[in-house]
Structure formats: structure tokens, C-alpha cells
Amino acid sequence: MHFPQFLRIERDGPRLARHTVVHMRDPGFWMELAPDAAAPDRVGQGVLKRICVPNSWAGDYEKYFRLVGAAQQFFVASFGASEPHPALRRAGD
């Protein structure tokens, strides 16, 4: 699946990594998810921790439901096989 409108940001915390999925197009929103430790693959659909949506979403729950579902699908897909990264060259090497 191709998800060009989403971006996942992973930040290391003192106990657990924090995963934020950002919707880059209008209407922009973000949600914080945690991998589901009880799921067989240790990721599952993700456990929703926090969501931030614009005020203009009030009452438009169908759009909200579709985009949050797509964000969860992106979250699961983003844990798939990663692509190999080229070696970094630093100045002076």
C-alpha cells in the first residue's frame, strides 16, 4: 500500500519509543500511537494514545473515521521491511 499523505515520526523516550503519525495534507492532523504488545506481531493496529485534529472537524465524523483508519493502516505498514540506506559520508572522511 502507498501512503504519500502520511509520515511516521519515531522518538526515543526514557522508557518507550513514541510514534507519531502525521497527516500532511488538508485537513492536517496527528496522532500518537504505541505498538500493541499483546498482538502476535508485537505491533497490531497500534494503541491510540493521543489525537489532535483541527476544530473544523467538529461534526464531520465520517471523514475523521476514514482518515484515522488510514493512519492506523499506515502505522502498521511502516513497520514492514525497511529499505537499505546508503552509507553516510561525513565531511572530513
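Coordinate-derived values only; no laboratory data. Model, not experiment: these values are computed from the prediction. Cβ atoms come from the backbone with ideal geometry, glycine included; neighbour counts cover every protein chain shown.
The table below lists the values:
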item: Kirkwood Rh, angstrom, the stretch 1-76 [1 / mean 1/r, Cα pairs]; result: 13.0 Å
item: Extension gain, Leu48 back to Arg18 (0.36 nm per residue minus Cα-Cα distance, nm); result: 9.7 nm
item: Cα→Cβ-extended label distance, 7 Å offset, between Ala39 and Phe65, nm; result: 2.1 nm
